[in-house]
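Since the structure comes first, as structure tokens, the remarks are kept for the end.
The values are calculated or read from the model by the stated rules, or taken from the named source; none is laboratory data. Because the structure is a prediction, the values reported are computed rather than measured. We place every Cβ from the backbone using ideal geometry, glycine too, and count neighbours over all the protein chains shown.
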Amino acid sequence: MENKPHAFWAGLFTIGLLIVIALVVAFFSADRAVRVPYDLISRSSVTGLYPDAAVRFRGLDVGKVQSIKFDPHTPGEIRIRILVDERAPMTRSTFGTLALQGVTGIAFVQLDDNGGDLSPLHSSDSHVAELPLRPGLLDQLQRRGDALLRKLDRIAGDVDDMLSEDNRKQLMATVNSLQQAASSVNVLARQLEPTTSRLPGAVTELQRTLQSTNTLITSMNRPDGPFQINLNKAGTAAAQAGAALTSIDASIQDLSARVGYDTLPRVDSLTDDVRSAMRAVDRAAGTFSTSPHSLLFGGAPQPAPGPGEPGFAWPAAAGSK
């Protein structure tokens, strides 16, 4: 009799525990977010989209797909009912596209906004707002498939023309020319190999020369170096030469003063005496030429006095005779 009550209470405890677990799971898994319905209007294929598919606004989960059906009033138009969180920033410029989840082929709705009209788009169960469903990447590829195929066909034709027989011959000739050029470069490299082998020695000599130059410059810059000592000696010699030139200049000035104040007056006096002697000789020569007998008998006739001299008389006029 005691085993039956124990089994009853154990079964009752198990059932209660299962009920509690179910309530906890239901509580935590329940979606308590307030969602607002919107209709996406599509005129293209919605391959891979199913009910309960995710709805994301720029990558963030904001809702799910409720239903997918054709519009009974517009043939060929698909109406996708989505439930979006009321906190999502739905505006009049919001639109939707289809995107694929990896390589599974399962699609989801991607909402985005181009910012053209930022006024809020209100929706309710009685008046459901509509959003455009723009073609996704796959739809655009499908629509442009014919044009892409035509372009690929044209490119293939251009490649075929480029790889024609003549072009292939020219290409082979170009390859041969490149090969010959590479061979010439190899020959030149082999010819330059002796020169390149000497480059390390030349670099070493250049380094030695630079070191010697650096040593010379350092020696020249030293205050007690030979260059500075020679410069100091040259400066001293130049100063002594300047002093000698100053002394010579003073001597020249003294000599000039003596010549100007002493020698030149004597030269002038000597010149006057020589000039007087020359006039006397000139007069004697004139007297000898006019009266040579005066040299023997003396008494050379004196010249008649001129105007202004004592004894001058004006000659009598011809009319007075």
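Surrounded by 14 or more Cβ atoms within 10 Å (Cβ to Cβ), modelled with pLDDT of 85 or more and within 55 Å of the chain's Cα centre (by Cα) - does that describe any residue in the stretch 20-36?
no
Go through (1) over 16 Å from Thr97 (Cα atoms); (2) at pLDDT 80 or above for Asn3 and report which single condition fails.
Going through the list (1) over 16 Å from Thr97 (Cα atoms); (2) at pLDDT 80 or above, Asn3 breaks only (2).
Could you check the stretch 85-116 and list, in sequence order, the residues that are under 18 Å from Arg134 (Cα atoms), of a type outside the set (S, T, N, Q) and either touching a strand residue (DSSP E or B) at 6+ places or on another chain (Cβ under 6 Å) or not assigned by TED's automatic domain parsing to the domain that holds Arg134 (or both)?
Phe95, Gly96, Leu98, Ala99, Leu100, Ala107, Phe108, Val109, Leu111, Asp113, listed by residue number.
Sort out which residues of the stretch 53-76 are at pLDDT 90 or above and over 18 Å from Asp112 (Cβ atoms), and write them in order of number.
Correct list: Gln66, Ser67, Ile68, Lys69, Phe70.
For every residue, the table says whether it meets (1) aliphatic (A, V, I, L, M); (2) surrounded by 10 or more Cβ atoms within 10 Å (Cβ to Cβ); (3) modelled with pLDDT under 80.
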position	(1), (2), (3)
Thr174	no, yes, no
Ser177	no, yes, no
Ser184	no, yes, no
Leu192	yes, yes, yes
Thr195	no, no, yes
Pro200	no, no, yes
Thr204	no, yes, no
Thr209	no, yes, no
Leu216	yes, yes, yes
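Give the residue, chosen from Arg79, Arg87, that is closer than 17 Å to Pro37 by Cβ, surrounded by 10 or more Cβ atoms within 10 Å (Cβ to Cβ) and at pLDDT 90 or above.
Testing whether each residue is closer than 17 Å to Pro37 by Cβ, surrounded by 10 or more Cβ atoms within 10 Å (Cβ to Cβ) and at pLDDT 90 or above leaves just Arg79.
Part of a helix (DSSP H, G or I), under 30 Å from Phe108 (Cβ atoms), charged (D, E, K, R) and without any contact (Cβ under 8 Å) to a residue 12 or more places away in the chain: which single residue out of Asp153, Asp160, Asp146 fits that description?
From the options Asp153, Asp160, Asp146, the qualifying one is Asp146.
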